[in-house]
Amino acid sequence: MPTHSLNDNQPIARVMVAGTGVLGAQIAFQCAFSGIDVVAYDVDTACLDRANARFDALGRVYAADLGASREQIEATLARIEGNTDLGSAVAGTGLVIEAIPEDLAIKQSFYRSLSAVAPADTIFASNSSTLVPSQFAMFTDRPERVLSLHFAHEVWKNNIAEIMGHPGTDPAVFAHMVQFAHRIGMVPLPLRKEQPGYLLNTMLVPMLIAALSLLVNEVADMQTIDKAWMIAKADRIGPFGILDGIGMTTVYNVTRALAERTGDSTHRRIAEYVKTHFIDTGYIGESVGRGFYRYPDPEFLNPTFVAA
Ligand code: NAD
């Protein structure tokens, strides 16, 4: 039987976020913005310097997007402390949110080291996008306190948190994470079982692959495919705009892996298309101002795009 900790009834006051890259920095900032003390842990001070620049940038984004005041931003920044020593970073935390690279070997080694120094009650939650918690729970000393807490890019506005346990996750820990997600301004989306891709990507990835298939099979051009989705589904963005937001590096990794797995000729053509048009040219999406569309004013946002 799983063990229930007294701490599972108490709100978490201090969180360690491991990995302060794209998502880790956003998660750390969102937790601190919600009034929680955060230890931002990364491997060296150069990473923490980059994280501080990310936090400053996020402060400007929260002011612009959420109307956060200067006082709120300053209080948020004051709640985040950087640390490169795992033992002192995790001391006194009720929760570790892991956002280190999507590499099973790196994650396993991290969870082994973490288990050796973390307080016995600390919950380990992974933000992994493609791995499931049973893949790393066994490398910890507390599998019943391990689960996934998966955020979406730009957490402050795409505010879902998908919560997924493995068969041995303590239900009290799971319930605690649902409450925690809510507390930091996320809409908690609990999953009843392990599912690679969680809810959103299980639905979204096949739709995006279908759109790319229509394109490489020359059934229609990208604008026409996007219009079909946007007008009929009353959506402000279509599949090619979504792909630009995700970024072509990730799109290439996913489509290449799919082509290798299935050997399907359309999947192979998609991966080749993404490589030649985007990876080789450096037009890797919205973040660099050019992907399928040009930014910051992509044509699909112009009201005439979907006009009759
Ligand atoms: P990233 O490469 O931007 O950041 C990873 C960070 O982890 C870096 O700062 C790196 O220095 C640090 N790191 C490396 N090894 C470490 C270790 N042993 N201990 C502590 N820190 C370490 O990656 P990311 O895009 O933020 O992704 C992180 C995780 O979040 C992945 O599991 C990914 O699947 C998931 N995720 C990413 C997105 C996204 O849109 N980028 C969305 C949802 C989930």
(message) Keeping every protein chain present and rolling a 1.4 Å probe, give me the accessible area per residue for the chain in Å².
(response) 49
(message) Tell me the angle of helix 248-262 to the major Cα principal axis of the chain, expressed in degrees between 0 and 90 and rounded to the nearest ten.
(response) 80
(message) Given a 1.4 angstrom probe, I'd like the percentage of the accessible area of region 200-301 that is carbon and sulfur, rounded to a whole number.
(response) 56
(request) Read phi for every residue in region 178-195 and hand back ³J(HN,Hα) as whole Hz from Karplus 6.51 cos²θ - 1.76 cosθ + 1.60, θ = phi - 60°, with x for Gly and Pro. (result) 4, 4, 4, 4, 4, 4, 9, x, 9, 8, x, 10, x, 9, 8, 8, 5, 8
(request) Considering only 116, 232, 181, give the residue with the highest GNM mean-square fluctuation for the chain, with springs between Cα atoms whenever their separation is below 10 Å. (result) 232
(request) Work out the length of the dipole vector of region 175-248 about its Cα centre, built from +1 on the beta-carbon of each Lys and Arg and -1 on the beta-carbon of each Asp and Glu, and round it to the nearest 20 debye. (result) 440
(request) Give the carbon-plus-sulfur fraction of the accessible surface of region 21-68 in %, rounded to a whole number; probe 1.4 Å, heavy atoms of protein chains only. (result) 51
(request) May I ask which residue of 48, 67, 113 lies farthest towards the positive end of the charge dipole of region 42-192, with charges of +1 (Lys, Arg) and -1 (Asp, Glu) on Cβ and the Cα centre as origin? (result) 67
(request) Any lysines with Cα under 27 Å of the residue 157 Cα? List them, leaving off those in the same chain fewer than 8 positions away. (result) 193, 227, 233
(message) Compute the angle between helix 22-33 and the longest alpha-carbon principal axis of the chain, please, reported from 0 to 90 degrees and rounded to the nearest 10.
(response) 50
(request) Equivalent ellipsoid semi-axes for region 10-190, as square roots of 5 times the alpha carbon gyration tensor eigenvalues: give them largest first, rounded to whole Å. (result) 24, 18, 14
(message) Running a GNM on the chain with Cα contacts under 10 Å, which residue among 70, 290, 261 ends up with the highest mean-square fluctuation?
(response) 261
(request) Give the dimensionless ratio obtained when the Cα radius of gyration of region 116-254 is divided by 2.2 N^0.38 Å. (result) 1.26
(request) Translational diffusion coefficient, Stokes-Einstein: compute it for region 200-301 using the Kirkwood radius over C-alpha pairs as Rh, at 4 °C and 1.567 mPa s, and state it as an integer in µm² s⁻¹. (result) 95
(request) Count charges around residue 143 for me, please; just the other residues with Cβ under 15 Å from its Cβ, Lys/Arg as +1, Asp/Glu as -1. (result) -2
(request) Note down the magnitude of the dipole of the chain about its Cα centre, charges +1 on Lys and Arg C-beta and -1 on Asp and Glu C-beta and zero elsewhere, to the nearest 20 debye. (result) 400
(request) At 25 °C and 0.890 mPa s, grab the translational diffusion coefficient of the chain from Stokes-Einstein with a Kirkwood Rh over Cα pairs, rounded to a whole number in µm² per second. (result) 118
(message) Could you sort the peptides 291-298, 159-166, 131-138 by per-residue average Cβ neighbour count (10 Å cutoff), highest mean leading?
(response) 159-166, 131-138, 291-298
(message) Suppose a student asked you for the relative contact order of the chain, using Cα pairs under 8 Å spaced at least 6 residues apart; what percent would you report?
(response) 12
(request) Please identify, among 222, 16, 177, the residue showing maximal mean-square fluctuation in a Gaussian network model of the chain using a 10 angstrom Cα cutoff. (result) 222
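The values are calculated or read from the model by the stated rules, or taken from the named source; none is laboratory data. Since the structure is predicted, the reported quantities are computational estimates derived from the model, not experimental observations. Every residue, glycine as well, gets a Cβ built from its backbone with ideal geometry; the counts of neighbours run over all protein chains shown. Each accessible area value is taken on the protein alone, full model and side chains, heavy atoms only, with ligands, DNA and RNA left out. Shrake-Rupley method; radii C 1.70, N 1.55, O 1.52, S 1.80 Å.
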